[in-house]
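Engineer: Can you read through this structure? Questions will come right after.
The values are calculated or read from the model by the stated rules, or taken from the named source; none is laboratory data. All figures in this text were calculated on a predicted structure; none of them were measured in a lab. Please note: Cβ atoms are built from the backbone with ideal geometry, for glycine as well, and neighbour counts cover all protein chains shown.
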Amino acid sequence: MKVSLEEVFGSEIEDGGRWRLVCEKHSQICQFTNKRVAQSFKKHPEQWCEICRDDSHFCYDCQIDWPSYFTAEDMGHTGHRVGEGN
Ligand SMILES: [Zn+2]
Ligand SMILES: [Zn+2]
């Protein structure tokens, strides 16, 4: 999982709020006014990162796909033939 939660200060606080989630893989940012809400979305970048939403991995051995923010190892496909889904 390559999402970080950052607190932003000063002029960086825009209408979106002071808590910022960053999808490091895709450089997508989403801002929240409430830290707890931000934390709940941290595990679900497909809810706010358009690229995570569209991107997936596919295991040719198991014939399933999953969102790309989980690695093959996360999903138990270590050593399988894994490629990009769509
Ligand atoms: Zn993403
Ligand atoms: Zn597999």
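Engineer: Select, from Asp74, Asp65, Asp61, the only residue that is in a strand (DSSP E or B), of a type outside the set (S, T, N, Q), within 16 Å of ligand 2 (Cβ to nearest atom) and surrounded by fewer than 18 Cβ atoms within 10 Å (Cβ to Cβ).
Structural biologist: The unique qualifying residue is Asp65.
Engineer: Could you grab the pairs with beta carbons closer than 9 Å, sequence gap of 6+ or different chains, first residue in the stretch 16-27 and farther than 14 Å from Asp55 by Cα and of a type in the set (Ser, Thr, Tyr), second one modelled with pLDDT of 95 or more and within 16 Å of ligand 2 (Cβ to nearest atom)?
Structural biologist: Partner pairs satisfying both residue conditions: none exist.
Engineer: Would you check which residues across the stretch 1-21 are out of contact with any Cys (no Cβ under 9 Å at 6 or more places or on another chain), farther than 21 Å from Asp74 by Cβ and part of a strand (DSSP E or B) and list them?
Structural biologist: Glu6, Glu7, Glu14, Gly17, Trp19, listed by residue number.
Engineer: In the stretch 47-86, how many residues are farther than 22 Å from Val3 by Cβ and either within 10 Å of the chain's Cα centre (by Cα) or of a type in the set (Lys, Arg) (or both)?
Structural biologist: Selection size over the stretch 47-86: 1.
Engineer: Another question, then. Output the residues belonging to the stretch 5-25 that are buried (at least 17 other Cβ atoms within 10 Å of the Cβ), touching a helix residue (DSSP H, G or I) at 6+ places or on another chain (Cβ under 9 Å) and not basic (Lys, Arg).
Structural biologist: Trp19, Leu21, Cys23
Engineer: Those residues that are more than 8 Å from ligand 1 (Cβ to nearest atom) and assigned to a strand (DSSP E or B), I need them from the stretch 22-58; list them, please.
Structural biologist: Hits for the stretch 22-58 are Val22, Ile29, Cys30, Gln31, Phe32, Ser56, His57, Phe58.
Engineer: To continue, here is another question. Going by the structure shown, is Ala72 of a type in the set (Gly, Ala, Ser) and in contact with a Leu (Cβ under 7 Å, 6 or more places away or on another chain)?
Structural biologist: When the stated conditions are applied, Ala72 does not pass them.
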